[in-house]
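Asker: Could you have a look at this structure, given as structure tokens, before my questions?
The values are calculated or read from the model by the stated rules, or taken from the named source; none is laboratory data. Here the structure is a predicted model, which is why all the values come from computation and not from measurement. In this analysis, Cβ positions are derived from the backbone assuming ideal geometry, glycine residues included, and neighbour counts consider all displayed protein chains. Remember, those area values only see protein heavy atoms, side chains included, never the ligands or the DNA or RNA. Shrake-Rupley method; radii C 1.70, N 1.55, O 1.52, S 1.80 Å.
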Amino acid sequence: MDKTEKSSPNEEIKKEIESISDQLCFAVKGEFDFFVEIHSVDESIQKLGMLINFVLDTVRRSFSEITEKNSRLTELDKLKSDFLANISHELRTPLTLILGPLESILKDDSLSLPPKQQENLQRMHRNAHRLYVLVNDLLDFSKAEAGKLEIHEELIDMKAFIAQIIDDAQGIAEERKLTLTFAAKSHLGLLLFDQKMIEKIVLNLISNAMKFTPEGGKVDVRLEKEDNFITLSVADTGNGIPEADIQRLFERFHQVNSSQTRAHEGTGIGLAIIHQFVDLMGGKITVESKEGKGSTFTVRLPAREPSADDKVNTQHKESKQYSSPIKTSLVHMGKKSVPSDQIVSLTNERPLVLITDDNPDMRAYIASLLENSYEVIAAENGKEALEAVYKYHPQVILSDVMMPVMDGYQLTQALKADPQTANIPIILITAKAGKESIVSGIDIGADDYIPKPFSAAELLARVRAALRLFQSHATLKNANDELTKEIEERKKLELANAALNDELILAARRAGMADISTSILHNVGNVLNSVSVSLELLKESMDNSHINKLMNIGKLFNENISNISSYLTQDSKGKLIPQYLVALSQNVEKEFKISGEEIENLRNYIQHVKEIIATQNSLSSTSGLKENISLPNLIETALKMTGSTNEINNVIINKVYSFDKSVLVDKSKFTQILVNLLQNAKESILSDDNNHKKEIAISIEESCENNQFKVVVTDTGSGILPENITKIFSFGFSTKENGHGFGLHASALAAKEMGGQLIAQSQGKGKGATFILTLPSQNNKKKKLNSRDIV
Amino acid sequence: MVGLIQKLFFKMAYELGGEDAVISIKKEAGVPVDKDFQINIVYSDEEWQRILAAGLKILNVTPEQADVAYADCFAKDALERFPNWFQMSKNSYEFLLIQPTIHNCFATAVVDANERKDINDKFKVDKLKNKIITHYVSPNKLCGLYKALAEWMINHYKDEADIEEVKCLKKGDKECEIHIQWSKLNGQPVEA
Ligand code: HEM
């Protein structure tokens, strides 16, 4: 920009924008190797320029990256094509050397080979030939890629030539239950074409059509000539091609990947080659397809009639010479060497193997390897195989991976997804020997993998291994079924036991409750008795009250009020009054003390009744609420509840509390046990009339075993017979006349629930008894009850 | 050094010490008094180092004070000049991740490939979960400015993070290695 020129800022910006735009025009060439130069002092323009440069730089870098990658790819592609061409070329020689001798053996009638050998040789020949065709395809393809493919024109009667191919294919169409028709305009005349290319185009199109058309379908081939073009169309009523695949159909190596249309064992170059051929001949190939309805491939080629200069091959009429290779090329896809209807007469004696392969020769070959030791059935694709599995229940499945309709992976998935078939071992056989395909096969659940080529011994060994797998599965399954049955039965039994157990626990608890209620009522009665005694004493003390005496003295005072001092000093009665008052007050004090004590007793009795009721309430709940409690206090409460504080009914209570720490226990359960034990002890002592020593000894001891304490209740009562000592805690067992046999049972149960135990000891009848309650002194885990614990 | 840096440095000097300060710095640094710096032109690193040293002397500030003051002035200008880069990033973590690319953007105006590479290669950021590790190599040794700017961004987005420089050019390391670990992003605590 000319700096001397004076222009307005707007104009300057406009000029700058123009300059930027002009510079950007370079981009239309697809070249970005430039920068936008900014001369403006306007910062917005500078910012814009900087960002444009950034975008340009990014594009430039991406471009160079792509170009670099592209050239590397092209290089690789060329290497690959060269490699293909070389390898195909190399393969042709050994193949020719296989095909030649084979053909002469087969043609030599003098050899009179056994039928089995003959069949094997024919199979070898067919497949070697097929390999030859495939190798030729590859060679053509690599030639085309390298631009080395040349057209060799000859004069052909197109109509007769194609009719011959169709004729040859009729047998196969019939086998596959397809209608194959050919229609052509009556006369097309002799035209110049590369016969090999035409042959390949027709062959490829009709074999594809037949492959993808299900039984009962139609394949119609038409040939027309219009102006200077011939139009060949092959229409089928097959599965059709998904829309997304149509675009890439003629790309090399592209195979339609839908399970319905998946190519057989093709190289994926068939359509790409014919596309190349058609291109080379200046024609066009198109396809119309509707999924589920069918496809029509149309080839339009310029038809050239021979001029006088054209050197032409006139052998066209002998089209028969082409029929042989055509037949061999087609035959592999149609013949069912092991048809599925062969399987109806299966015996159950030998293991059944299902072979699934779309190649009839492969089916037949594998079948021939297995038929000595196994029953063999065969299917052409995964779908057929699946049907056969449900119908015939094979023990081993051998399946190819690449198959039309349903491939080996899909078959595996379907089988493994159904528990009914998941145990049948499936061995996948494939030409794809890469690790990836093995991994994907195993991933979806295949049991084994055999890469092609495989040896007969290897295949047999793997089938044997798979069979063993199946058998061990079956044995396991049987054992498992039996176990499951047993477990279920046990479960039922356990459920019944558990229900019974629950009932017993409940009954025991209720029984315990009943027992304790009896004892409580009994104690409440005792307490009430004591209350009456106390009240009686109080009343008595009230009756003999010194108040009357005081009142009398009051009266005497009143009478002598005028001379009170002489009365108290000189009167014989009056002189006694001060002494009398001292004595009286002492007596009143005594009486008050007694009344006070009785009132205190009454308060205690009422408190006891309250506690008994509270205990009753707490015992009716089963919650194991633990409280920090002083054991001696709790024992005192229990003693009061049983009405045996220190000495009652002449029973001496001896207490030794060598362990008097507070412990965390379930108060209600603990009380329940103690009340029960004390009640029993008392009853036992009182029931024995001959008993002179009436004593209950209660002690609390710290047990040397980890964190436990013991409450020992020993009585001098009737004792326990040795034969009863083990039964004493049993549900319903009682030695008492009116006992229900629940009390000790419930106590033992409660002790267990508290994480401890209750045991009984006795030297025998009349020798008294000792009950030892051992409980954890800390917050131990609650013991889980089971039926064995309480019985 | 791309002119935006010098331009804004003089802007800051002007704000702190007026026209006199600007002139004194230029004189002290041996820069023609009438020289203006353009945001899209690359000037010598060596010249910039003289300007910075002169600035510290004339303005009588420590390098640390200068970093903070300059970061504030610089970031405010960037926020106004390139608002989209701030909006594109939800938080300071995202912003600091694109920081090297933003710098490369300034480098693309430089025609000379080597010169461009020098600018491009100053920053490299390793992306970790709620953390970045920045590797910085430059003759200008401006890691203090990096930390001040990073702090400014963290505050701007109201995030929380710890900044730690584990290696430093000034201490003789081959590069500055700055670890930024976020504890809060978009108002939410994040795991380390
Ligand atoms: C929109 C935001 C930003 C813009 C436009 C910007 C722009 C620039 C430019 C143009 C340079 C000079 C580059 C050169 O010549 O090498 C630069 C340098 C620098 N920037 Fe930024 N920057 C931004 C954000 C940040 C942030 C967030 C940080 C740090 C967290 C940062 C740290 C630095 C440092 C340390 C230098 C000095 C580099 C050197 O020369 O050694 N920048 N910046």
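Asker: Roughly how crowded by other chains is peptide A:29-38, in terms of the mean Cβ count from those chains within 10 Å of each of its Cβ atoms?
Answerer: Details: counts 0, 0, 0, 0, 0, 1, 4, 1, 2, 4.
For peptide A:29-38, the averaged partner shielding equals 1.
Asker: Now, a different point. Going through region A:131-183, which trypsin sites (Lys or Arg not before Pro) have at most 14 other Cβ atoms within 10 Å and a DSSP loop state? Don't skip to the answer; put the middle values down first.
Answerer: On the way: sites: A:143, A:148, A:159, A:176, A:177; in loops: A:148, A:176, A:177.
Passing both the DSSP loop test and the Cβ count: A:148, A:177.
Asker: Hey, can you grab everything whose amide H is under 5 Å from the amide H of residue A:146? Only 5+ residues off in sequence or another chain; H modelled, so Pro and N-termini drop out.
Answerer: Amide H to amide H, under 5 Å and 5 or more residues apart or across chains, residue A:146 pairs with nothing.
Asker: With a point put 7 Å past each Cα toward its Cβ, work out how far residue A:146 is from residue A:464 in nm, to one decimal.
Answerer: Here the modelled spin labels are 4.8 nm apart.
Asker: For region A:41-116 and region B:40-79, what is the separation of their Cα centres, given in Å?
Answerer: Their Cα centres are 57 Å away from one another.
Asker: I want to check the label-to-label distance for residue B:126 and residue B:162. Put each point 7 Å from Cα in the C-beta direction and report it in nm to one decimal.
Answerer: Computed distance between label sites residue B:126 and residue B:162 equals 1.7 nm.
Asker: Here's a follow-up. Taking 0.36 nm per residue of separation and subtracting the Cα-Cα distance, what length does fully extending residue A:11 through residue A:185 add? Provide the component values of the computation, followed by the final result.
Answerer: Details: separation 174, 0.36 × 174 = 62.64 nm, distance 7.55 nm.
Gain on stretching residue A:11 to residue A:185: 55.1 nm.
Asker: Oh, and also: Go through region A:478-485 residue by residue and turn each phi into a ³J(HN,Hα) via Karplus (6.51, -1.76, 1.60, θ = phi - 60°); whole Hz please, and just put x for glycine and proline.
Answerer: 4, 4, 4, 4, 5, 4, 4, 4
Asker: Right, here's the next one. Between residue A:730 and residue A:391, 0.36 nm times their residue separation minus their Cα-Cα distance comes to what? All intermediate terms of the calculation are to be shown ahead of the outcome.
Answerer: Numbers: separation 339, 0.36 × 339 = 122.04 nm, distance 6.22 nm.
Here the answer is 115.8 nm.
Asker: Right, next: Are there any GluC sites (Glu not before Pro) in region B:117-192 that are in a DSSP loop and have at most 11 other Cβ atoms within 10 Å? List them by number. Write out the running numbers ahead of the final one.
Answerer: Values: sites: B:151, B:160, B:164, B:165, B:175, B:177, B:191; in loops: B:175, B:191.
Counting only loop positions with at most 11 other Cβ atoms within 10 Å, the GluC sites (Glu not before Pro) in region B:117-192 are B:191.
Asker: Sort A:473, A:39, A:152, A:745 by accessible area with a 1.4 Å probe, largest first. Write down the numbers at each step before the final one.
Answerer: On the way: A:473 60, A:39 95, A:152 115, A:745 5 Å².
The ordering from most to least exposed comes out as A:152, A:39, A:473, A:745.
Asker: What is the calculated FRET efficiency for residue A:454 to residue A:78, with r their C-beta to C-beta distance and R₀ = 41 Å, to the nearest 0.05?
Answerer: Working: r = 34 Å, r/R0 = 0.83.
For R0 = 41 Å, the calculated efficiency reads 0.75.
Asker: So how exposed is residue A:29, as accessible area in Å² (1.4 Å probe, rounded to 10)?
Answerer: Counting only protein heavy atoms, the figure is 140 Å².
Asker: Rounded to the nearest 100 Å², what is the sum over both chains of accessible area buried where B meets A, with a probe of 1.4 Å? Spell out each step's value before the answer.
Answerer: Details: alone 10470 and 44750 Å², together 53950 Å².
Interface area, both chains combined: 1300 Å², rounded to the nearest 100.
Asker: If you don't mind, another one. Sort A:468, B:116 by heavy-atom solvent-accessible area, probe 1.4 angstrom, most to least. Provide the component values of the computation, followed by the final result.
Answerer: Details: A:468 145, B:116 45 Å².
From most exposed to least exposed: A:468, B:116.
Asker: Now for a different question. Round to the nearest 0.05 the FRET efficiency obtained for residue A:597 and residue A:499 when R0 = 56 Å and r is the Cβ-Cβ distance. Show your work: numbers first, answer last.
Answerer: Numbers: r = 56 Å, r/R0 = 1.00.
Calculated transfer efficiency: 0.50.
Asker: If R₀ is 45 angstrom, what is the calculated FRET efficiency for the pair residue A:175 and residue B:101, using the beta carbon separation as r and rounding to 0.05? Intermediate results must be reported in sequence, preceding the final value.
Answerer: Numbers: r = 66 Å, r/R0 = 1.48.
With R0 = 45 Å, the Cβ-Cβ based efficiency is 0.10.
Asker: Under 17 Å from the 7 Å Cα→Cβ point of residue A:25, by amide nitrogen: which residues of region A:49-68?
Answerer: Label zone hits: none.
Asker: Per residue of A:163-174, what is the mean number of Cβ atoms on other protein chains within 10 angstrom of that residue's Cβ? Mind showing how you got there, number by number?
Answerer: Working: counts 0, 0, 0, 0, 0, 0, 0, 0, 0, 0, 0, 0.
Mean inter-chain Cβ contacts per residue within 10 Å come to 0.
Asker: Under 19 Å between alpha carbons, and skipping anything fewer than 8 positions from residue A:200 in its own chain: which lysines qualify?
Answerer: Here the lysines satisfying the reach criterion relative to residue A:200 are A:143, A:148, A:159, A:211, A:284, A:317, A:320, A:327.
Asker: Near the amide H of residue A:379, under 5 Å away, which other amide H atoms are found, from residues 5 or more places off or on another chain, if H is placed in the peptide plane?
Answerer: Under 5 Å from the amide H of residue A:379: A:355, A:356, A:357.
Asker: A further question follows. Just how much of residue A:68 is accessible, in Å², when a 1.4 Å probe is used and the result is rounded to the nearest 10?
Answerer: Residue A:68 exposes around 110 Å² with every protein chain in place.
Asker: Using a simple spin-label model with points 7 Å from Cα along the Cα→Cβ vector, what separation in nm is obtained for residue A:486 and residue B:27?
Answerer: 10.7
Asker: Within the set B:7/B:122; B:57/B:124; A:47/B:124; A:655/A:694; A:491/A:727, which residue pairs have Cα atoms separated by over 22 Å? Show your work: numbers first, answer last.
Answerer: Working: B:7/B:122 20 Å; B:57/B:124 32 Å; A:47/B:124 24 Å; A:655/A:694 14 Å; A:491/A:727 30 Å.
From B:7/B:122; B:57/B:124; A:47/B:124; A:655/A:694; A:491/A:727, over 22 Å: B:57/B:124; A:47/B:124; A:491/A:727.
Asker: Give the ranking of A:131, A:24 by solvent-accessible surface, highest area first, calculated with a 1.4 Å probe.
Answerer: Values: A:131 85, A:24 60 Å².
Result of the area sort, largest leading: A:131, A:24.
Asker: Counting only residues 5 or more places away or on other chains, whose amide H sits under 5 Å from the amide H of residue A:652 once H atoms are built in the peptide plane?
Answerer: Counting only residues 5 or more places away or on other chains, the set is A:694, A:695, A:696.
Asker: Right, something else. Residue A:111 to residue A:552: extension gain in nm, 0.36 nm per residue of separation minus the Cα-Cα distance?
Answerer: Working: separation 441, 0.36 × 441 = 158.76 nm, distance 16.27 nm.
Extending this stretch completely gives an extra 142.5 nm.
Asker: Next question. Taking a probe of 1.4 angstrom, what is the accessible area of residue B:141 in Å², to the nearest 10?
Answerer: Surface accessible to solvent at residue B:141 totals approximately 90 Å².
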